[in-house]
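See below for the structure under consideration.
The values are calculated or read from the model by the stated rules, or taken from the named source; none is laboratory data. Fair warning: this is a prediction, and the values are worked out from it, not measured in the lab. Note: ideal-geometry Cβ built from the backbone for every residue, glycine included; neighbour counts use all protein chains shown. The protein model used for the area step is the full one, side chains on, heavy atoms only, and it has no ligands, DNA or RNA in it. Shrake-Rupley method; radii C 1.70, N 1.55, O 1.52, S 1.80 Å.
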Amino acid sequence: MLEAVSETKIVLPESELPTRWYNIASDMPNRPQPVLHPGTGEPVGPDDLAPLFPMELILQEVSTEAEVAIPEEVLEIYKLWRPTPLYRAGRLERAIGTKSRIFYKYEGVSPAGSHKPNTAVAQAFYNKAEGRTRLSTETGAGQWGSALAFACKLVGLECKVYMVKVSYEQKPFRRSLMHVWGSEVVASPSDETESGRKVLAEHPDSPGSLGIAISEAVEDAAGREDTAYSLGSVLNHVLLHQTVIGQEAFKQMELAGAFPDVVIGCVGGGSNFAGLAFPFLREKIAGREIDVLACEPAACPTLTRGPFAYDFGDTVGLTPLVPMHTLGHDFVPAPIHSGGLRYHGVAPLISQLVLDGMIRAEAYLQHDVFTSAVEFASAEGIVPAPESAHAIHGAIGAAHQADEAGEQKTILFNLSGHGHFDMAAYDSFFAGKLEDVALDEAEIERALKAIAGLPQTV
Ligand SMILES: Cc1ncc(COP(=O)(O)O)c(C=O)c1O
């Protein structure tokens, strides 16, 4: 029998807020291969990145120190919503009839409604400290754009957001939120950049993708002295900033007298997954047995079906070459409702850990994901973001598997955000209008042609 946990909600006082981020690069069995300059094929150096990022973030990107101190100013803003609660999902356990215990860390309590402000605030802070006055970025579902808009407003920077067109149309209130925090928002592909105009010339009806929006935002920043580029996922420093999630969860699980057998998160670029999982993977690398599961959409099955290869981070090819699981940089995923999971690549740190067998991945159809989302909302009350619902679906699946095997597991997942701006997606689900998109092999082969000829990983 698993021990009973009496608290529904395990909360930490502000004094327990982590004061350092955890850098998994210090513990990995194999560090990621270097990021390459596309022109020379050589590893990129700080000077190559300086036009786009402040030096402190570039140093964090290549750091192998185990911990990085969180600046006081960042901690002060974190305290507006951190530490976030850890819940024991007892009502969900009863609803699905499992003998396993399910816990979730809830990041939807941040002002923007997701985990994204954990890095947005840090990035805005370092940019301001090094004299930038404006940031440009892309956003998929609008979660990252609104997080950066919030951070820029509090820190005192201007912000321009290129929002993937399909989300710009599906989620008008995310746009409004960014306006409340004073940011400028345009639908991507836009006619405001070379990259956007190039895509529009070839595909006037393009629904957009994160890859295209990144091209536009990078071009914007590269063309202006006052502007830096800010990315909401994928990069090492972004994943680093998110580790406050897992460090808090670690303490909260201890308070609950439990340790997870299974740790689960959804993966777009990988930041919320890494944020929860990396502090637990530290234990796994040290020899503790933990099943670490990454959940992705079948419409964008980067970890489950994409090869590990060098590829561009954006569609047009403006970024360095990154060693990662990828579906090819010109892959435009179907317009599923989890806009934040529609990215062709996954963070190099996560890709390497998948390659090394430390993390496994599963891909789900969106109808199944929404079924789990509604099951969760019916039991626990919180309406999850469609992205986060992939982790819920993974957790319910893990509980069922344990029951079938006659086992009792302790399952922990990251509920990365609420779905209050995603109600049109729920309406489509209830109206039976959600399309299930699983890619056929021919489409994957076509998309992968984009990486033929790029340097090979070793
Ligand atoms: C709520 C939520 N969860 C997850 C993601 C996926 O991003 P990542 O993989 O970087 O956590 C997003 C991205 O927009 C999101 O908004």
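Using unit Cβ charges (K, R positive; D, E negative) and no other charged atoms, how large, in debye to the nearest 20, is the dipole of region 187-232 about its Cα centre?
With only Lys, Arg, Asp and Glu charged at Cβ, the dipole is about 120 debye.
Rank by packing, highest mean first: peptides 384-397, 278-291, with packing defined as the count of other Cβ atoms within 10 Å averaged across residues. Mind dumping the intermediate values first?
Numbers: 384-397: 28.5, 278-291: 16.6.
Descending mean neighbour count gives 384-397, 278-291.
What is the extension gain from His37 to Asp191, computed as 0.36 nm multiplied by their sequence separation minus the C-alpha to C-alpha distance, in nm to one decimal?
Using 0.36 nm per residue and subtracting the Cα-Cα distance, I get 52.7 nm.
Which order do the peptides 295-305, 109-119, 56-66 come out in when sorted by mean C-beta neighbours inside 10 angstrom, highest first?
Most protected by this proxy first, the peptides run 109-119, 295-305, 56-66.
Decide, for region 213-338, between rounded, prolate and oblate: order the square roots of the alpha carbon gyration tensor eigenvalues as a ≥ b ≥ c, take rounded if a/c falls under 1.5, and otherwise choose prolate if a/b is larger than b/c, else oblate.
Here region 213-338 falls in the prolate category.
Whose amide H sits under 5 Å from the amide H of Val292, counting only residues 5 or more places off or on another chain, with H placed in the peptide plane?
For Val292, whose amide H was placed from the backbone, the distant partners under 5 Å are Val263, Arg360.
Rounded to whole Hz and in sequence order, give me ³J(HN,Hα) for region 291-305 from the Karplus expression 6.51 cos²θ - 1.76 cosθ + 1.60, θ = phi - 60°, writing x for Gly and Pro.
Along region 291-305, the couplings run 8, 10, 10, 9, 10, 9, x, 5, 6, 9, x, 4, 6, 7, 10 Hz.
Among 145-157, 73-85, what's the highest-first ranking by average C-beta atoms within 10 angstrom per residue? Kindly include the intermediate steps, with their values, before the conclusion.
On the way: 145-157: 26.2, 73-85: 18.1.
Highest to lowest by the protection proxy: 145-157, 73-85.
For the cross-link pairs Lys128/Lys171; Lys116/Lys171; Lys116/Lys153; Lys105/Lys251, which exceed 22 Å when the distance is taken from alpha carbon to alpha carbon?
Exceeds cut-off: Lys128/Lys171.
Would you work out if region 1-122 is rounded, prolate or oblate? Take a ≥ b ≥ c from the square roots of the eigenvalues of the alpha-carbon gyration tensor; rounded if a/c is under 1.5, else prolate when a/b is larger than b/c, oblate otherwise.
Prolate, since a/c reaches 1.5 and a/b exceeds b/c.
Going through the DSSP H helices of the chain, which span 24 Å or more along their own axis at the Cα atoms while scoring at least -0.5 as a mean Kyte-Doolittle hydropathy?
On the way: long enough: 386-404 (27 Å, -0.37).
Counting only whole DSSP H runs, the qualifying helices are 386-404.
Shape verdict for region 305-376, please, from the Cα gyration tensor: rounded (a/c under 1.5), prolate (a/b greater than b/c) or oblate.
oblate
If I compute solvent accessible area with a 1.4 Å probe over the protein chains, what percent of it on the chain is carbon and sulfur?
Roughly 51 percent, rounded to a whole number.
Pairs to check: Lys165/Lys409; Lys160/Lys433; Lys79/Lys160; Lys165/Lys433; Lys409/Lys449; Lys9/Lys284. Give those whose C-alpha atoms are more than 31 Å from each other in this structure. Before the final figure, lay out the partial values.
On the way: Lys165/Lys409 41 Å; Lys160/Lys433 33 Å; Lys79/Lys160 26 Å; Lys165/Lys433 20 Å; Lys409/Lys449 42 Å; Lys9/Lys284 26 Å.
Exceeds cut-off: Lys165/Lys409; Lys160/Lys433; Lys409/Lys449.
Solvent-accessible area per residue for the chain at a 1.4 Å probe radius, Å²? Write out the running numbers ahead of the final one.
Working: 16720 Å² over 458 residues.
Value returned for the chain: 37 Å² of accessible area per residue.
Enumerate the residues in region 239-274 having an amide nitrogen under 13 Å from the point lying 7 Å beyond the Cα of Glu283 toward its Cβ.
246-264
Whole-Hz ³J(HN,Hα) for each residue in region 87-92, computed from phi via Karplus 6.51 cos²θ - 1.76 cosθ + 1.60 with θ = phi - 60°, x for glycine and proline: what do you get?
Working through the residues one at a time gives 10, 8, 7, x, 5, 5 Hz.
Which cross-chain or sequence-distant (5 or more) residues have an amide H under 5 Å from the amide H of Thr410, H modelled 1.01 Å from N in plane?
Here Arg101, Asp261, Val262 satisfy the definition.
How much length is gained if the chain between Ala452 and Ser428 is pulled fully straight, taking 0.36 nm per residue apart and subtracting their Cα-Cα distance, in nm to one decimal?
4.8 nm
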